[in-house]
Amino acid sequence: MEKRIVLLAHNIRSLWNVGSFFRTSDAFCVEKIFLTGYTATPPRREISKTAIGAEEWIKWEYQEDPTLLIKTLKNDGWTILALEITDQAQSIHEYSPSAKTCLVLGHEVTGVPSDILALCDSTVMIPMMGKKESLNVSVAAGIALSHLKKHRILGACTCSNTHKDKCTRCKPPKHWNNRDNTNECIHKN
């Protein structure tokens, strides 16, 4: 069974963070990014500068109301996972992801709103060891996606293959150890 993940970014104020979501989503084969609330959408210079072109091939969609989107995703069998510091949140290191996961990210300062948290199936947080209570939202997204990938939530990338000439997954850098020695594209069309 193919494992899938989508990202829902709600009320992200920084265009740089939005661009970083695209670049990080490319690295971890996120199927689609949903931008909701007042989160900015491409094309924007600041997004492109941080995404470094990933916004051109990562699928994305804008929907103003995240609650309707979450209800639709749940009806389609997606598990809704909020990345947020709450009393009920478990460490992301203890979380076992499902086959279809929507990772919800919230505002850089105020986080995921309570009405959206109420719709989520689970909430995870990243344990902090320093004095700060949280990370930048785009950094936290990268850590969460890395963890989900480690637990094999992500299968083969489902991108369109249109960027094959630039894709390091299709043409691994020379320093990578190609385990199956094929150098073939792992993307599914």
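The values are calculated or read from the model by the stated rules, or taken from the named source; none is laboratory data. Please read these numbers as outputs of a predicted model, since none were measured by experiment. Cβ: placed from backbone, ideal geometry, glycine included. Neighbour counts: every protein chain shown.
For region 49-78, the set of residues classified as over 16 Å from the mean Cα position of the chain (by Cα), within 16 Å of LEU103 (Cα to Cα) and of a type in the set (Lys, Arg) consists of LYS71, LYS74, listed by residue number. Evaluated against (1) under 15 Å from HIS107 (Cα atoms); (2) in contact with a Gly (Cβ under 7 Å, 6 or more places away or on another chain), ILE47 falls short on exactly one condition, (1). If you go through region 108-140 and keep only what is over 19 Å from HIS93 (Cβ atoms) and part of a loop (DSSP other than H, G, I, E, B), you end up with GLU108, VAL109, THR110, VAL112, PRO113, ALA118, LEU119, LYS131, ASN136.
Screening region 96-109 for residues that are over 18 Å from ASP65 (Cβ atoms) and not basic (Lys, Arg) and picking the one that is surrounded by the fewest Cβ atoms within 10 Å (Cβ to Cβ) gives SER96. Quick check, is LEU81 within 17 Å of the chain's Cα centre (by Cα) and assigned to a helix (DSSP H, G or I)? In short, no. If you go through region 34-62 and keep only what is crowded, with 17+ Cβ neighbours inside 10 Å and among the polar types (S, T, N, Q), you end up with THR36, THR39, SER48, THR50.
Screening ILE153, ILE116 for residues that are crowded, with 17+ Cβ neighbours inside 10 Å, modelled with pLDDT under 95 and of a type outside the set (Ser, Thr, Tyr) leaves exactly one candidate, ILE153.
Any residue that is surrounded by 15 or more Cβ atoms within 10 Å (Cβ to Cβ), in a strand (DSSP E or B), within 16 Å of the chain's Cα centre (by Cα) and touching a residue at least 24 places away in the same chain (Cβ under 8 Å) - is there at least one of those in region 25-33? Yes - at least one qualifying residue is present in region 25-33. Pairing residues of region 72-95 that are at pLDDT 95 or above and surrounded by 15 or more Cβ atoms within 10 Å (Cβ to Cβ) with residues that are aromatic (Phe, Trp, Tyr) and in a loop (DSSP other than H, G, I, E, B), at Cβ distances under 9 Å and at least 6 apart in sequence or on separate chains, gives LEU81/TYR95.
Can you say whether LEU68 is of a type in the set (A, V, I, L, M, F, W, C) and exposed (fewer than 14 other Cβ atoms within 10 Å of the Cβ), as far as the supplied structure shows? Break it down stepwise before answering.
On the way: of a type in the set (A, V, I, L, M, F, W, C): yes; exposed (fewer than 14 other Cβ atoms within 10 Å of the Cβ): yes.
Answer is yes for this residue.
Counting only residues that are touching a Gly at 6+ places or on another chain (Cβ under 9 Å) and among the hydrophobic types (A, V, I, L, M, F, W, C), region 58-104 holds 4 of them. If the condition is being acidic (Asp, Glu) and within 22 Å of TRP78 (Cα to Cα), then region 105-138 contributes ASP115, ASP121.
Hey, any hits in region 39-49 for a residue that's touching a strand residue (DSSP E or B) at 6+ places or on another chain (Cβ under 6 Å), closer than 20 Å to VAL112 by Cα and without any contact (Cβ under 8 Å) to a residue 40 or more places away in the chain? Spell out how you get there, then give the answer.
Residues of region 39-49 touching a strand residue (DSSP E or B) at 6+ places or on another chain (Cβ under 6 Å): 39, 41.
When the remaining residues are screened for being closer than 20 Å to VAL112 by Cα, the result is 39, 41.
So of that shortlist, the ones also without any contact (Cβ under 8 Å) to a residue 40 or more places away in the chain come out as 39, 41.
Looking for residues that are touching a strand residue (DSSP E or B) at 6+ places or on another chain (Cβ under 6 Å), closer than 20 Å to VAL112 by Cα and without any contact (Cβ under 8 Å) to a residue 40 or more places away in the chain, one finds at least one in region 39-49, hence yes.
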